[in-house]
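The values are calculated or read from the model by the stated rules, or taken from the named source; none is laboratory data. Since we're looking at a predicted model, the values are computed, not measured. We place every Cβ from the backbone using ideal geometry, glycine too, and count neighbours over all the protein chains shown. What goes into the accessible areas is simple: the full protein's heavy atoms, side chains included, and nothing from ligands, DNA or RNA. Shrake-Rupley method; radii C 1.70, N 1.55, O 1.52, S 1.80 Å.
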Amino acid sequence: MTEATIEAYYLEDRTFPPPDDFRKQALASDDSLYKEAEADWQGFWAHQARELLTWFDDFESVLEWDLPFAKWFQDGTLNVSYNCVDRHVEAGRGDKVAYYWEGEPGDTREVTYADLLDEVSRFANVLKSLGVQRGDRVAIYMPMIPELPVAMLACARIGAPHSVVFGGFSADALRGRIIDAEAKVLITADGGWRRGAAVPLKVNADDALEGTETIEHVVVVRRTEEDVPFTEGRDRWWHELMQEADADCAPERMGAEDLLYLLYTSGTTAKPKGIMHTTGGYLTHVAFTHKYVFDLHPDTDVYWCAADIGWVTGHSYIVYGPLANGATSVIYEGSPDTPGKDRLWAIAEKYGVTILYTAPTAIRTFMKWGTEFPESHDLSKLRLLGSVGEPINPEAWVWYWQHIGGGRCPVVDTWWQTETGGIMISPLPGVTTLKPGSATFPLPAIGAEVVDDNGNKVERGGGYLTLTRPWPGMLRGIYGDPERYKETYWSRFEGRYFAGDGCKIDDDGYFWLLGRVDDVMNISGHRVSTTEVESSLVDDSRVAEAAVVGAKDETTGQAIIAYVTVRGNVEATDGLGEELRESVAKKIGKFGRPKTIIFTDDLPKTRSGKIMRRLLKDVAEGRDLGDTTTLADPAVVDEIKRRAEQSPQED
Ligand code: WT7
């Protein structure tokens with residue numbers, strides 16, 4: 001099939017029913033899950049909780065709902081690490097591979113479920129020996145190495161909530177998260193490999209710890225073997241502690257509503273929110289969705305979610321969901337273009353990957369690189385593809401379907417958020433007829449509706465996506481700030497959770513996600529708040545004012561464009577722009593670095609003084625902006641002025 005045919009089909013609004021051979025072997029191949037859930041949605045989740053998980057004490061209470069506070073399976077007890085590890089070993093599957101791990105330099109490790117049990121138990125004992133008790137928070141700042149899931153599971157085993165901070169975050173970002181969570185121990189590594197270079201995690205971690213008061217010990221994994229600073233007494237080597245540790249550690253009996261982890265995410269203010277996820281409901285949700293959305297056949301599938309464990313996608317679909325289901329997964333440490341642009345396809349071929357889950361931004365990058373890279377590898381074992389993180393444009397969807405999936409693999413476009421814990425809107429690949437670019441329908445038992453400005457339900461057409469029922473993986477709040485939780489998610493539309501996304505429902509009832517409607521940008525599938533970037537810009541004493549917008553970008557979905565006005569005596573130079581971009585990267589992380597900084601004399605404002613971001617966004621989207629600083633370009637300034645004059649002055 002040629003490219004041209006595909007384009008033509010797309011114009012015809014082509015639909016993709018499940019292929020016959022896929023449907024025949026699928027775990028769900030008719031609407032029975034939907035029917036069961038519609039008859040009794042709470043009973044449905046109770047059924048899944050009992051079927052998919054092993055409980056120490058069964059629950060009687062399914063849901064206590066005191067809007068917006070939910071308690072799922074309240075009186076049940078269980079342990080997440082027991083469910084993810086021990087029970088598979090007890091069932092005789094200890095030799096089964098949990099993770100095929102591949103480092104960027106090409107080193108590899110096979111971690112079986114028995115290995116996991118040994119390492120998780122040992123590290124749980126290590127944490128105890130360092131004084132970590134049930135309820136204490138543990139911060140984790142690590143590269144994509146097997147010790148990362150081991151550390152998370154060890155925390156879960158002893159009931160110490162973890163707070164994983166993505167290794168691409170800066171020292172400042174890590175510090176803020178450690179302080180907010182009052183973490184007692186930090187787990188990190190000397191570094192990790194990324195594009196052939198060692199990322200200096202331990203150096204950043206030391207920097208982050210300046211000004212924190214709660215960290216008693218830092219555990220350091222040796223990965224890159226570079227020399228790192230070491231503070232005697234506080235810092236300990238992972239491998240030395242593990243050698244001495246006992247390999248037996250009984251899993252704690254945790255309440256279903258005990259905190260499993262915190263994960264910080266951006267909102268509309270500068271301060272990141274510590275999203276709280278608990279034990280029984282979360283694990284039920286991720287196990288259920290991982291099993292049915294990916295049609296997981298644990299004995300034959302090799303599953304690969306190519307996200308970083310530091311984001312929620314990795315928590316739910318590299319660690320907790322796949323392990324709860326006894327899957328075999330791939331973990332890759334590094335960059336997709338190292339040493340060549342075919343690295344992912346080489347890995348997929350080598351391990352015989354059957355299910356691949358990645359992000360639209362990655363898919364668009366692969367499109368740009370060209371088809372010769374996937375074509376140079378045998379990808380015939382693939383049978384299902386997934387997408388997450390931002391809307392996938394139909395062109396990228398069809399490219400993924402054709403050039404990666406060989407035209408035979410369903411593509412599941414999965415909508416969810418850090419806050420939802422697991423997938424909410426997505427096809428079931430053996431059931432749903434796909435439309436490229438649509439996440440299709442809410443999963444069984446999930447209540448999702450589109451509403452207008454007044455909160456009235458929209459049956460067909462565009463509006464705001466809301467969730468109408470509690471779900472087991474839902475956030476239980478923002479750490480330390482219940483008011484902000486109510487205000488952020490439950491105040492815009494009465495009785496509804498507002499996700500922050502626009503959405504359209506087409507004539508067939510399909511959901512089409514339209515991106516964020518608040519001041520949150522989506523850069524390569526990662527949420528970055530405009531305020532956060534603005535605050536870090538005006539932090540520089542030479543900057544008077546800054547306005548940041550996310551403008552459409554072919555590869556990353558959105559790109560960060562910053563409009564900056566400097567103080568009177570300061571000269572707006574190329575060099576200053578470069579410095580500012582670097583300082584944002586340092587304060588937030590590289591992904592927060594503005595792609596372009598535009599110096600202007602003035603920012604367009606409403607009469608009440610609100611910056612007219614919408615206009616700045618239009619200006620940015622109408623221009624071809626490079627990866628640079630644009631010096632006080634008179635054309636831009638004129639355009640902003642002209643358009644500010646023409647726009648209605650909304651207050
Ligand atoms: C935001 C959540 C979900 C894990 C990764 C991101 C956008 C996510 C889709 C999708 C359209 C999507 C939304 C959402 N988003 N998946 N399939 N189609 N948009 O987690 O950082 O919490 O971001 O990502 O805008 O609100 P996150």
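Regarding the range 55-62, can at least one residue be identified that is under 30 Å from L209 (Cα atoms) and surrounded by fewer than 17 Cβ atoms within 10 Å (Cβ to Cβ)? Steps first, answer last, please.
Start the filter on the range 55-62 by keeping residues that are under 30 Å from L209 (Cα atoms), which leaves none.
No, that holds for no residue.
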Discussion item. Among the listed residues P143, P200, identify the single one that is farther than 23 Å from K271 by Cα and without any contact (Cβ under 8 Å) to a residue 40 or more places away in the chain.
Written reply: P200
Fill in: Scope the range 319-361; condition more than 11 Å from the chain's Cα centre (by Cα), within 12 Å of the ligand (Cβ to nearest atom) and modelled with pLDDT of 95 or more; matching residues
Y357
Discussion item. On the basis of being touching a residue at least 40 places away in the same chain (Cβ under 8 Å), part of a strand (DSSP E or B) and of a type outside the set (K, R), does A547 make the cut?
Written reply: yes
Item to complete: Can you run down the residue pairs with Cβ atoms below 7 Å, 6 or more apart or on separate chains, where the first is in the range 484-504 and of a type in the set (S, T, N, Q) and the partner is within 16 Å of the ligand (Cβ to nearest atom)?
Response: T488/G267
Worksheet item: Got at least one residue in the range 397-409 being open to solvent by less than 20 Å² (accessible area, probe 1.4 Å) and within 11 Å of the ligand (Cβ to nearest atom)?
Response: yes
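Can we say D246 is away from the ligand (no atom under 16 Å from the Cβ), touching a residue at least 24 places away in the same chain (Cβ under 8 Å) and either assigned to a strand (DSSP E or B) or closer than 29 Å to S335 by Cβ (or both)?
Values: away from the ligand (no atom under 16 Å from the Cβ): yes; touching a residue at least 24 places away in the same chain (Cβ under 8 Å): yes; either assigned to a strand (DSSP E or B) or closer than 29 Å to S335 by Cβ (or both): no.
Here the answer is no, as D246 does not meet what is asked.
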Discussion item. For a quick check of your reading of the model, give me the residue pairs whose first member lies in the range 366-381 and is in a loop (DSSP other than H, G, I, E, B), whose second is at pLDDT below 95 and open to solvent by 40 Å² or more (accessible area, probe 1.4 Å), with beta-carbon atoms closer than 9 Å and at least 6 apart or on different chains.
Written reply: none
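Looking only at residues that are in a loop (DSSP other than H, G, I, E, B) and more than 9 Å from the ligand (Cβ to nearest atom) in the range 410-421, which one is farthest from F69 (Cα to Cα)? Lay out the reasoning, then the answer.
Quick first cut of the range 410-421, residues in a loop (DSSP other than H, G, I, E, B) only: 410, 416-421.
Imposing the further condition that a residue be more than 9 Å from the ligand (Cβ to nearest atom) reduces the set to 410, 421.
Values: P410: 36, G421: 15 Å.
The selected residue is P410.
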Worksheet, complete the sentence: Over the range 315-327, the set of residues under 20 Å from D115 (Cβ atoms) and open to solvent by less than 10 Å² (accessible area, probe 1.4 Å) is I318, V319, Y320, G321, P322, L323, A324, G326, A327
Discussion item. For the structure I just gave you, tell me whether T371 is within 22 Å of the chain's Cα centre (by Cα), surrounded by fewer than 20 Cβ atoms within 10 Å (Cβ to Cβ) and away from the ligand (no atom under 16 Å from the Cβ).
Written reply: no
Item to complete: Give the residue that is surrounded by the most Cβ atoms within 10 Å (Cβ to Cβ), with candidates limited to residues of the range 562-582 that are closer than 22 Å to F169 by Cβ and touching a helix residue (DSSP H, G or I) at 6+ places or on another chain (Cβ under 7 Å).
Response: A562
Practice prompt. Using the structure shown, decide if I392 is out of contact with any Leu (no Cβ under 6 Å at 6 or more places or on another chain), within 16 Å of the ligand (Cβ to nearest atom) and of a type in the set (A, V, I, L, M).
Written response: yes
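Has the range 481-491 got at least one residue that is within 10 Å of the ligand (Cβ to nearest atom) and within 18 Å of I446 (Cα to Cα)?
Restricting attention to the range 481-491, the residues satisfying the condition of being within 10 Å of the ligand (Cβ to nearest atom) are none.
So far as the range 481-491 goes, no, none of its residues is within 10 Å of the ligand (Cβ to nearest atom) and within 18 Å of I446 (Cα to Cα).
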Practice prompt. Would you check if there is a residue in the range 531-552 being under 20 Å from S583 (Cα atoms) and within 14 Å of the ligand (Cβ to nearest atom)?
Written response: yes
Worksheet item: Only one of P442, P472 is in the same structural domain as T268 (by TED's automatic domain parsing), within 16 Å of the ligand (Cβ to nearest atom) and closer than 29 Å to E36 by Cβ; which?
Response: P442
Fill in: Selection status of E216, of a type in the set (D, E, K, R), in the same structural domain as K486 (by TED's automatic domain parsing), surrounded by fewer than 17 Cβ atoms within 10 Å (Cβ to Cβ) and more than 30 Å from P482 (Cβ to Cβ)
no
Worksheet item: Within the range 485-539, how many residues turn out to be surrounded by fewer than 18 Cβ atoms within 10 Å (Cβ to Cβ), of a type in the set (A, V, I, L, M) and part of a strand (DSSP E or B)?
Response: 1
Item to complete: Determine whether the range 463-471 contains at least one residue that is under 25 Å from L283 (Cβ atoms), polar (S, T, N, Q) and assigned to a loop (DSSP other than H, G, I, E, B).
Response: yes
